[in-house]
Each structure stands twice: as C-alpha cells, then as structure tokens.
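J.: The structure's right below; bear with me while I get my questions together.
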Amino acid sequence: MGICPVCGCKTDEIDFVDHSFDGNGCQICSFCSKQLKSFENCDSPSEAQLRWLDNVLSKDTEREAFVVSALKS
C-alpha cells in the first residue's frame with residue numbers, strides 16, 4: 001500500500017502509474033491519472049472535472065511543490 005500524491009488515498013502498489021507533472025515524474029493512482037488525462041483532452045473542463053479537482057486540492061495531504069503547482073495551473 002502507498003499514498004497517492006494527488007488525492008492522498010491509500011492505493012495498492014499495483015494500481016500506481018507513472019505520470020509527469022511539468023517534466024517531474026512520479027507515481028499516482030490510476031484513478032487520478034484518468035482524471036488528469038481528461039483535462040488534457042478537453043478545451044473546457046466540465047463541472048464534474050472541476051468538482052473533482054476542487055475536492056483534491058481541499059484535501060489535507062502532503063504533496064510535492066511541483067504536484068501542487070501543476071494541479072493549480
């Protein structure tokens with residue numbers, strides 16, 4: 001078990017995937033990976049996408065500065 005650096009949830013090691021935040025690589029849970037990829041593939045985020053992002057950012061979890069910066073941009 002590990003902690004996803006995006007959502008802060010406990011995640012089985014097998015469910016982590018590689019993700020790059022502005023050239024900084026890290027491992028995140030597959031659910032967060034899918035959510036973040038959906039932002040890359042659209043011109044205007046949906047209300048559900050923005051709600052997910054707001055919930056993630058409001059969670060009190062330790063994140064690397066580059067992860068926080070990427071989530072806020």
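The values are calculated or read from the model by the stated rules, or taken from the named source; none is laboratory data. Predicted model, so just to flag it, every value in this text is computed and none were measured. Don't worry about glycine lacking a Cβ; one is built from the backbone with ideal geometry, like all the others, and counts go over all protein chains shown. Each accessible area value is taken on the protein alone, full model and side chains, heavy atoms only, with ligands, DNA and RNA left out. Shrake-Rupley method; radii C 1.70, N 1.55, O 1.52, S 1.80 Å.
J.: Search the range 1-17 for residues that are open to solvent by 80 Å² or more (accessible area, probe 1.4 Å) and modelled with pLDDT under 90 and pair each with any residue that is assigned to a helix (DSSP H, G or I) and of a type outside the set (K, R) when their beta-carbon atoms are under 8 Å apart and the residues are at least 6 apart or on different chains.
T.: From the range 1-17, the pairs are M1/E13.
J.: Return the residue satisfying two criteria in turn: it lies in the range 45-59 and is free of Cβ contacts under 8 Å to residues at least 12 places away in the same chain and in a loop (DSSP other than H, G, I, E, B), and of such residues it is surrounded by the fewest Cβ atoms within 10 Å (Cβ to Cβ).
T.: If we take residues in the range 45-59 being free of Cβ contacts under 8 Å to residues at least 12 places away in the same chain and in a loop (DSSP other than H, G, I, E, B), then S46 is surrounded by the fewest Cβ atoms within 10 Å (Cβ to Cβ).
J.: Identify, from the list C32, C7, C26, C42, the residue that is in a strand (DSSP E or B) and either out of contact with any Ser or Thr (no Cβ under 7 Å at 6 or more places or on another chain) or of a type in the set (G, A, S) (or both).
T.: Of the residues listed, the single one that is in a strand (DSSP E or B) and either out of contact with any Ser or Thr (no Cβ under 7 Å at 6 or more places or on another chain) or of a type in the set (G, A, S) (or both) is C26.
J.: Anything in the range 29-44 that is within 19 Å of G8 (Cα to Cα) and either in contact (Cβ under 8 Å) with a residue 40 or more places away in the chain or not aromatic (F, W, Y) (or both)? List them, or say none.
T.: C29, S30, C32, S33, K34, Q35, L36, K37
J.: Could you tell me whether S30 is modelled with pLDDT under 90 and out of contact with any His (no Cβ under 6 Å at 6 or more places or on another chain)?
T.: No: the conditions fail for S30.
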